[in-house]
């Protein structure tokens, strides 16, 4: 009886030992785990294009390599975790950018702020100052007995005018004047008088009003003559040309002032003041002339 019990105990122990041996032999090894996962990843349509390497050590699975999308990365990890015998998964795979997808355009650098344009200095108007002497040549004869107060006459600028060394008014510019007073001398008494002034000048097609002193020439008594200027300097109102028909345009300096009048205050027949055509007269500006910048 004792021998039977001993035999039964031995058979039970042998059965347990064989069961444990079979169980251990059925547990997959690391190489099998790694290969099985690798095959499943290659066969799955979602992960077959992934370049994944699988390694296993003591049941712990390590995944490395590249996958196409985050979804494929998650699917590979799920396959590894579902593998029999895998005790853990270390996913070290990275998502590879899609080569066919358009790359995001690099932000364009903001254009450099353009430098403000350098403004050229605006051309300044030309100002012919008061005190400038205008020497003109009369276009027609004027006299104390034939001219009338308010009558206009034309003349041309005999000499060019410059400002600060730059040309301002060219010679030949048309000048307008006015007879301020004209009084014929009587045969017995009284005096002959002729007063002139300039009123405007035309420059480059534009006419500008001007104010000058007055040329005033008189004949008194028995042939006494004088010439004065009103509102001007010594040079203003000077009669430069000969007045009595002889020596038209004879040059007597503008600075001669009253002396020019004394010489030029000539008379004909009944002793009238007479300024022949093409006589040169000088007038002094009483106020400045403002002209547009050159070229305008």
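Here are the numbers for the structure shown:
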| item | result |
| --- | --- |
| Two-site label geometry, residue 82 and residue 51: point separation in nm, points 7 Å out along Cα→Cβ | 2.7 nm |
| Prolate/oblate/rounded call for segment 48-89, Cα gyration tensor, a/c under 1.5 rounded | prolate |
| Contour excess over end-to-end distance, with Cα ends at residue 278 and residue 43 and 0.36 nm allotted per residue | 72.6 nm |
| Pairwise label distance in nanometres, residue 69 with residue 148, each label 7 Å out on the Cα-Cβ vector | 11.0 nm |
| Förster radius 45 Å - calculated FRET efficiency between residue 118 and residue 62 (Cβ-Cβ, nearest 0.05) | 0.05 |
| From the C-alpha gyration tensor of segment 118-212, square roots of 5λ in Å | 36, 12, 11 |
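Here, each number is a calculation from the coordinates, and none is a lab measurement. Computed from a predicted model, the values in this text were never measured in an experiment. Glycine also receives a Cβ, built like all others from the backbone with ideal geometry; neighbour counts cover every protein chain displayed.
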